[in-house]
Amino acid sequence: MQKILTLLIVLFIFQNVNAQQYKLAGVVSSDATASRISVSITDLKATVFTDSLGNFKYANLKPAIYNLKISAIGFKTIILKIDLKSDTSLSKIQLESLDEKLNEVVITGTQKEVNRLESPVPVEIYTAKFFKKNPTPSIFDALQNVNGVRPQLNCNICNTGDIHINGLEGPYTMVLIDGMPIVSSLSTVYGLSGIPNALVERIEVVKGPASSLYGSEAVGGLINIITKKVQNASLFSADFMATDYKEYNMDIGFKVNLSRKTSFLTGINYFKYGNKVDHNHDGFTDVTLQDRVSVFQKWNITRKENRLFSIAGRYLYEDRWGGEMNWNKSFRGGDKVYGESIYTKRVELIGNYQLPIRERMFLAFSLTNHDQDSRYGTTSYIAKQQIAFSQFTWDKKIGNNDLLFGAAFRYTFYDDNTPATASNDISNQINMPEKTFLPGLFVQDEVKLNKEHSVLAGLRYDYNSIHGNIFTPRFAYKWSINDKNIIRLNAGTGFRVVNIFTEDHAALTGARDIVINDKLRPERTYNLNLNFLKKVYLKSGSFLGIDLSAFYTYFNNRIIGDYDSNPNQIIYDNLNGYAVSRGLTANLDMAFSSGLKLTVGTTYQDVSVIENGIKQQQILTEKFSGTWAVSYKINKLHLGIDYTGNVYSPMRLPLLSDLDPRRQFSPTWTIQNIQLVYDGVKDMEIYGGVKNLLNFTPNKGTPFIIARSNDPFDKNVQFGQNGQVLVTPENPYGLTFDPSYVYAPNQGIRGFLGVRLNIK
């Protein structure tokens, strides 16, 4: 009897425990919506939806371990394991958008802060997270994964480079830092490699005309590097990376709050590469040796009504050289051992101040000082450039008119030791530094005709103290078919004054004589860009973004360096004809609810010169290019995988003569990389991988890269009466020393390893 009673008591207790029921509640939110978010308990096949505030609730649940699935179209699915033992209220759950650029605010297209989807000018956004998929020591290298944007190396020895946008060469690309045009002329050659990734919050890219807002240099497009806001920066961050090529890169950042209203952010970058490598056995360094330090500081002062006041400064010092393997600084500038040695010192100061009045008026300024001390063999190039820039803008809304008025002033001082700054009097050549004053006025008006249609018109007037009046109009039209389909049309003109010695490294190598025919006239361009943006949210929870563009640029007075007429000269003259850049570009973004992300970009371009009825492809310009990035996160292992790469079709290369045995066109080539990232340790990421998986280098398939590397001072070259190179047994191809045959990096496959710290 006692055993039966005990059994009944146990059964009673078990039944009551089993009958115990609990509640499960929580709050889900996202950047776009809070209501109608699906919350499912997959074990019970039960689903509820959040209310307008994002709240959800389950009642009468038995104690157990449940799998909770939270999903919404366009957002990454979250799965949580809940061990329900009592009434439970979950902390706020934030959904992550599959379209990372959904609500991004951009400023580059119109100089106004505006939602990317609302901007009449198509702006591409690339966050710091995007560039971490293929970590690099500088912005110049990082841009290789942006579709339609290509960092182009122009010299095998010193690795000078520029940035092409849609096939247009570096001088047609304006590079801004926080909206200030401080990267130009001298700094486009070497200053770009000194911008560290650590200070970047995001990069905005505009492909096409922007001269009406940013001046005559923004012909082909612009790249705006937005630095981190002090108030949003981490207290301390660090990034250390090394490769088995013995490259070492260090980024350190820290924030100091001096008071409730004043704080500053400091960033320090150091890059060191001191390993001589000659894998192609031509007696020259494959990769330029570099020793570079950059210090950046940005101040933020909180003011009444959140008015803006920020000021930032950067100092850059770089010592780089390339040349014969036995070169050292004792040979600098001499004719015994060939080397190209460049010392660069650069100081930048930028600021933006909102006036203390009700109207939205801003005063921005930048000051730069760039000193360059270079030796290209026996050729010296010693140059100094100073730029002072200020701009006043008034952001005003009147009815349907969203107006922007502006006044800008730019002063450029440029001096070097070349004929570019010498007087024309042969008997008394004195130094005459170039001083250019460029005041300007601009106005822009955006009118929303209705919910679907808006137009933007702009006009800029500049007065160049050397070339006179410059007018650059602009027009843009946006048709929002709906929030998932947008068409944009942009048109404008451009005007550009050329400074050969700061833009074309080939003019400085000492390998060829420079010939400038007549007086060069400024270039003028006419640009057109048509863009279609489509967003697709699939029922599976995945997201698809499609961005298509067609572009066209027509050049008058295009200035061309003629490498072909005389192998010993570069002849610069205005083109007797015209030049055209046209093509199509497409970006595809896919994000799956599983966490897999795929970004693919392709560009087809026809960049050609038409002279005397003959069409010729622009040198060092591919017709087709593609980029990709595939990312996946294995959450259980805290492991992320990134596979990135690019591919380029053949491009025409600079040959020295008809006898030159090197290929006239490059092969189709690709650079591919893979990376693993482990974030299982608090405030830390450990990453590593392999760059250039296929071990591609441009020397493969060609007898040599550098012409006559065995005689870099042309001591054994024989010339005819007209200056032509004679074919001799010692020089069977009739060549002179020339390092300009380059289209891809000389670095082969290499491993890398790094660690990131981020203390908020």
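No value in this document is a laboratory result; all are computed from the given coordinates. Note that the structure is predicted; figures quoted are calculated from it, not measured. As a convention, Cβ positions derive from the backbone with ideal geometry for all residues, glycine included, and neighbour counts pool all protein chains shown.
In the stretch 262-304, the C-alpha radius of gyration followed by the widest Cα-Cα span (Dmax) gives 19.4, 64 angstrom. Compared with the direct C-alpha span, the chain from residue 448 to residue 596 gains 49.5 nm at full extension, assuming 0.36 nm per residue.
Hey, got a sec? Which GluC sites (Glu not before Pro) in the stretch 307-416 land in a DSSP loop and have at most 13 other Cβ atoms within 10 Å? Intermediate results must be reported in sequence, preceding the final value.
Details: sites: 318, 324, 340, 348, 359; in loops: 359.
Within the stretch 307-416, the qualifying GluC sites (Glu not before Pro) (loop, at most 13 other Cβ atoms within 10 Å) are 359.
Two decimals is fine: what is log10 I(q)/I(0) at q = 0.18 Å⁻¹ for the stretch 336-491, from a Debye sum with one equal scatterer on every Cα and no solvent? Calculated log10 I(q)/I(0) at the listed q: -1.15.
Basic side chains Lys and Arg get +1 at the Cβ, acidic Asp and Glu get -1 at the Cβ, and with that the dipole of the chain about its Cα centre reaches some 3520 debye.
Its Cα gyration tensor gives the stretch 351-412 an equivalent ellipsoid; the semi-axes, largest first and in whole Å, are 41, 12, 7. For the stretch 18-94, a crude dipole built from +1 on the beta carbon of Lys and Arg and -1 on the beta carbon of Asp and Glu, taken about the Cα centre, is about 120 debye to the nearest 20.
State whether the chain is rounded, prolate or oblate according to the following rule on the C-alpha gyration tensor (a ≥ b ≥ c being the square roots of its eigenvalues): a/c under 1.5 gives rounded; otherwise a/b larger than b/c gives prolate, and the remaining case gives oblate.
On the way: a/c = 2.14, a/b = 1.67, b/c = 1.28.
Since a/c reaches 1.5 and a/b is larger than b/c, the shape of the chain is classed as prolate.
Extending 7 Å from Cα along the Cβ direction at residue 60 and again at residue 279 yields two label points whose distance is 6.9 nm. Stretched out straight at 0.36 nm per residue, the stretch from residue 129 to residue 489 would grow longer than its current Cα-Cα span by 126.6 nm.
Pairs 615/700; 132/760; 129/261; 276/329: which exceed 22 Å Cα-Cα? Distance filter (> 22 Å) returns 615/700; 129/261.
Straightening the chain between residue 347 and residue 753 buys 143.0 nm, computed as 0.36 nm per residue apart minus the Cα-Cα spacing. Each Lys or Arg adds one and each Asp or Glu subtracts one; over the other residues with Cβ under 13 Å from the Cβ of residue 400, this totals +1. Toward the positive end of the charge dipole of the stretch 18-94, with +1 on the Cβ of Lys and Arg and -1 on the Cβ of Asp and Glu, the farthest Cα among 30, 59, 93 is that of 59. Filter the chymotrypsin sites (Phe, Trp or Tyr not before Pro) in the stretch 646-679 down to the DSSP loop ones having no more than 15 other Cβ atoms within 10 Å, then list what survives. Passing sites in the stretch 646-679 do not exist.
Based on the mean of other Cβ atoms within 10 Å per residue, sort peptides 446-454, 290-298 so the most packed one is first. It would help to have the intermediate numbers written out before the result.
On the way: 446-454: 14.2, 290-298: 19.7.
Ranked from most to least packed, the peptides come out as 290-298, 446-454.
Summed over all non-identical Cα pairs, the Kirkwood treatment of the stretch 318-374 gives a radius of 14.9 Å.
Can you tally the net charge around residue 320? Count Lys and Arg as +1, Asp and Glu as -1, for every other residue whose Cβ sits under 10 Å from the Cβ of residue 320. Present the calculation step by step, with values, prior to reporting the outcome.
Numbers: positive: 292; negative: 291, 318, 319, 340.
Charge balance near residue 320 sits at -3.
Overall shape of the stretch 18-94 was characterised from the C-alpha gyration tensor. The equivalent ellipsoid obtained from it has semi-axes of 22, 12, 10 Å, in decreasing order.
The lysines whose alpha-carbon is closer than 17 Å to the alpha-carbon of residue 484, local same-chain residues fewer than 8 away aside, are 101, 451, 534, 535, 539.
Tell me whether the stretch 198-317 comes out rounded, prolate or oblate; compute the Cα gyration tensor, take square roots of the eigenvalues as a ≥ b ≥ c, and use a/c under 1.5 as the rounded threshold. Oblate shape, in that a/c is at least 1.5 and b/c is the bigger or equal ratio. When the inverse distances between all different Cα atoms of the stretch 279-387 are averaged and flipped, the Kirkwood radius reads 17.1 angstrom.
Sorted by mean Cβ packing within 10 Å, highest first, what order do the peptides 239-246, 488-495 take? Write down the numbers at each step before the final one.
Values: 239-246: 17.0, 488-495: 21.9.
The packing order, highest mean first, is 488-495, 239-246.
Here residue 623 is the anchor, and the aspartates and glutamates within straight C-alpha reach of less than 17 Å, apart from those fewer than 8 places off in the same chain, are 169, 606. Among 306, 170, 620, flag the residue with its Cα farthest along the positive direction of the charge dipole of the chain, charges on Cβ as +1 for Lys/Arg and -1 for Asp/Glu. Working it through, the farthest residue towards the positive pole turns out to be 306.
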